[in-house]
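Asker: Just passing along the structure, written as structure tokens.
The values are calculated or read from the model by the stated rules, or taken from the named source; none is laboratory data. Bear in mind the structure is a predicted one, so any value in this text is a computation, not a measurement. All Cβ positions, glycine included, derive from the backbone under ideal geometry; neighbour counts span all protein chains shown.
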Amino acid sequence: MVIVDDHDRSKALPVDGGGLGGGDASGSTPPYVEDHPHPASPIEGEGQIWEVLASVPDPEVPAVSIVDLGIVRDVRPDRVALTPTYTGCPATQVIETMVRIALDKAGFENVQIETTLSPPWTTDWITPEGREKLRAYGISPPVPAGSRAVECPQCGSSHTQEVSRFGSTPCKALWRCRDCLEPFDHFKCH
């Protein structure tokens, strides 16, 4: 794995791969996502790599693929660039390991995996399908900039209240619905 700052590709730094640390070893994969944001135009092999990546779930929200989450930033026949949801995300090494296993299993052993930190990931990169999958999983997706209404993923009410800025993972906050009285995670905007 290599960490790359897009401003200067000549300063790529090798990084140790780390351990597995979790993930789903069952081999089950979420459904393929038809429309994913391709930052570059596809060429031979890239479409197959995108399909493989769309089968890799996020380890902290397994209902959403890493493609739906928007952390796959670039795919080339020889490399895949991933941007973590935030610097220091504990799932980064697990995701890289899951991507490596999926690529190897599909016959793409020579594809290099890079971590790209610039530009930083934003919740704007979550696909519409990803937002719906978050909601169906019981997590309120991030709201558009300027909007204050956080909708309950259970009943759809916007009569909600933040309980704690810190939720079950660093990228989520704990909220509750004042109508159905259910607690829920809300994916923080950034």
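Asker: Any residue at all in the range 62-79 that is of a type in the set (Val, Ile, Thr) and at pLDDT below 90?
Answerer: Quick first cut of the range 62-79, residues of a type in the set (Val, Ile, Thr) only: 64, 66-67, 71-72, 75.
Within this subset, residues satisfying the condition of being at pLDDT below 90 are none.
There is no residue in the range 62-79 that is of a type in the set (Val, Ile, Thr) and at pLDDT below 90.
Asker: A further question follows. Residues in the range 146-156: is at least one in contact (Cβ under 8 Å) with a residue 40 or more places away in the chain and either under 24 Å from Ser168 (Cβ atoms) or in a loop (DSSP other than H, G, I, E, B) (or both)? It would help to see each step written out before you state the result.
Answerer: Initial filter on the range 146-156 (in contact (Cβ under 8 Å) with a residue 40 or more places away in the chain): none.
No, the range 146-156 contains no residue that is in contact (Cβ under 8 Å) with a residue 40 or more places away in the chain and either under 24 Å from Ser168 (Cβ atoms) or in a loop (DSSP other than H, G, I, E, B) (or both).
Asker: Here are Leu134, Leu53, Leu103, Leu117: which of them is of a type in the set (A, V, I, L, M), more than 30 Å from Cys177 (Cβ to Cβ), at pLDDT 90 or above and under 13 Å from the mean Cα position of the chain (by Cα)? Before the answer, list the steps.
Answerer: On the way: Leu134 fails: more than 30 Å from Cys177 (Cβ to Cβ); Leu103 fails: under 13 Å from the mean Cα position of the chain (by Cα); Leu117 fails: under 13 Å from the mean Cα position of the chain (by Cα).
Answer to the check: Leu53.
Asker: Name, by its number, the condition in (1) closer than 16 Å to Pro57 by Cβ; (2) not assigned by the TED database to the domain that holds Pro57 that does not hold for Arg148.
Answerer: Condition (1) is where Arg148 drops out.
Asker: Out of all the residues in the range 64-80, which are under 18 Å from Gly107 (Cα atoms) and either assigned to a strand (DSSP E or B) or touching a Lys or Arg at 6+ places or on another chain (Cβ under 8 Å) (or both)?
Answerer: Residues of the range 64-80 that are under 18 Å from Gly107 (Cα atoms), as a first pass: 75-80.
The answer is Val75, Arg76, Arg79, Val80.
Okay, residues lined up against (1) surrounded by fewer than 17 Cβ atoms within 10 Å (Cβ to Cβ); (2) touching a residue at least 60 places away in the same chain (Cβ under 8 Å); (3) among the hydrophobic types (A, V, I, L, M, F, W, C):
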| site | (1), (2), (3) |
| --- | --- |
| Asp78 | yes, no, no |
| Ala81 | no, yes, yes |
| Thr85 | no, yes, no |
| Glu182 | yes, no, no |
